[in-house]
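Everything on this sheet refers to the single structure shown next.
The values are calculated or read from the model by the stated rules, or taken from the named source; none is laboratory data. Source: prediction; values computed, not measured. For neighbour counting, all protein chains shown are included, and Cβ atoms are generated from backbone atoms with ideal geometry for every residue, glycine included.
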């Protein structure tokens, strides 16, 4: 059971002070995990090498790698990487370019959301999703690709939603992540930090109003 499941179960049984204590304990754990997210050049290089070692396809023109077809890593053309001998080289450029049509900006606190994902996963191992602009993405894939593209925690992660719902994220490098085929998910599986804060604010107001009514 993760923190959100716990709040759902207890919201009709606990008082406001107990809620604040439970919420505070979780946020202490979350803050420790967030502080330990430290993207840097060496961490990024390790993540890139790991991704390429598992890649199945490469486009030489665009230095684009993919594994499983659900994510793509887009690197600068002047990079040279040790690659698996069985890595098949094909023309991905046309397919990738087709996805880039009609992109629109999207907002997400990526590092905050990944810290939330790790905190919840530590409590309960299950599939988690990142909700962005009406689409859901596998949180594990977002975490993996974020390690590959980012080397600075303070620098903005540019995000765009492509025509087919694919998520394009960019910092030093770029990555493309396809959405999962779901239209909604329970709040306990959504790791978007903004959505989580709204959910907690709703619980906060609900418990407080319930307590005020009881004392009226």
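Results, tabulated for the structure shown:
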item: Strands (runs of 3 or more DSSP E) contained entirely in region 1-112, each with at least 2 residues that are modelled with pLDDT under 90; result: 57-59, 64-67
item: Pick from region 112-143, criterion closer than 19 Å to residue 69 by Cβ and without any contact (Cβ under 8 Å) to a residue 40 or more places away in the chain, ranking: surrounded by the fewest Cβ atoms within 10 Å (Cβ to Cβ); result: 140
item: Conditions (1) buried (at least 18 other Cβ atoms within 10 Å of the Cβ); (2) within 15 Å of the chain's Cα centre (by Cα); number of the one not met by residue 92; result: (2)
item: Region 144-188, subset touching a strand residue (DSSP E or B) at 6+ places or on another chain (Cβ under 9 Å) and part of a helix (DSSP H, G or I), residue surrounded by the most Cβ atoms within 10 Å (Cβ to Cβ); result: 148
item: Close pairs from region 42-55: first over 13 Å from residue 72 (Cα atoms), partner in a helix (DSSP H, G or I) and modelled with pLDDT of 95 or more, Cβ under 8 Å, at least 6 apart; result: 43/147; 44/147; 44/148; 44/149; 47/144; 47/147; 47/148
item: Which listed residue is loosely packed, with under 15 Cβ neighbours inside 10 Å, outside any strand (DSSP E or B) and at pLDDT 95 or above, from 197, 208; result: 197
item: Flag if residue 118 is closer than 28 Å to residue 196 by Cβ, within 23 Å of the chain's Cα centre (by Cα) and not in a loop (DSSP other than H, G, I, E, B); result: yes
